[in-house]
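The structure appears below as structure tokens.
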Amino acid sequence: MHFAFLWSLMESKVFGRHAHAAKIVDKVAEWHQANRLADRPWDESLHHFQSRYVNAGRVNETFRKLKFRQNDRENYVADVLTSKREGNCDVVTALLLIVWRLRNNLFHGEKWADPLQRQLQNFQHANSLIAMAIDAHDGRAHSW
């Protein structure tokens, strides 16, 4: 419930009511240029998604269940999760792309092969990342 509300708020406020991969990349680059990504409140979420989607230095089958489409930057996200890219801009972009894929799979995809209760941590981290994105967009210090 919280995820749906927060996503809707962010999509409207930050992405002009229509988020997609290119807009996410552009918006995070804008925040980076404005020095709104200086601290790293997203590290815990990065570690969560790395533990979920990476085994032995490679993305796993669970990562593939995110169902990236052709222009969704799947390789870029995989590079961040496997620590081939580590800059603030790259990490935040990849994390928001994961959140976007979670959203698409929940609302439009095959729904979940895993029961929703096994997704609780994903959505808790997604909610935190959405709050961070809204704060970055508004130019505020991270408030959570």
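Got at least one residue in the stretch 54-77 being within 16 Å of the chain's Cα centre (by Cα), basic (Lys, Arg) and farther than 18 Å from Arg103 by Cβ? No, there is no match, as no residue in the stretch 54-77 is within 16 Å of the chain's Cα centre (by Cα), basic (Lys, Arg) and farther than 18 Å from Arg103 by Cβ.
Filtering the stretch 76-98 to residues that are touching a residue at least 40 places away in the same chain (Cβ under 8 Å), out of contact with any Asp or Glu (no Cβ under 9 Å at 6 or more places or on another chain) and surrounded by 21 or more Cβ atoms within 10 Å (Cβ to Cβ) leaves Val92, Thr93, Leu95, Leu96, Ile98.
Restricting attention to the stretch 15-30, which residues are assigned to a helix (DSSP H, G or I) and in contact (Cβ under 8 Å) with a residue 40 or more places away in the chain?
Correct list: Ala21, Ala22, Ile24, Val25, Lys27, Val28, Ala29.
Scanning the stretch 31-71 for residues that are crowded, with 16+ Cβ neighbours inside 10 Å and free of Cβ contacts under 8 Å to residues at least 24 places away in the same chain yields Val59, Phe63.
Residues in the stretch 35-46: is at least one within 16 Å of Leu129 (Cα to Cα), of a type in the set (Lys, Arg) and under 15 Å from the mean Cα position of the chain (by Cα)?
Initially, the stretch 35-46 is screened for residues within 16 Å of Leu129 (Cα to Cα), giving 36-46.
Imposing the further condition that a residue be of a type in the set (Lys, Arg) reduces the set to 36, 40.
Restricting the remaining residues to those that are under 15 Å from the mean Cα position of the chain (by Cα) gives 40.
Within the stretch 35-46, one or more residues are within 16 Å of Leu129 (Cα to Cα), of a type in the set (Lys, Arg) and under 15 Å from the mean Cα position of the chain (by Cα).
Scanning the stretch 69-88 for residues that are under 22 Å from Ala19 (Cα atoms) and modelled with pLDDT under 95 returns Arg69, Gln70, Asn71, Asp72, Asn88.
Take the conditions (1) modelled with pLDDT under 95; (2) assigned to a helix (DSSP H, G or I); (3) within 16 Å of His137 (Cα to Cα); Phe5 misses just one of them, which is (3).
The values are calculated or read from the model by the stated rules, or taken from the named source; none is laboratory data. Small disclaimer: the values here were computed from a predicted structure and weren't measured. Please note: Cβ atoms are built from the backbone with ideal geometry, for glycine as well, and neighbour counts cover all protein chains shown.
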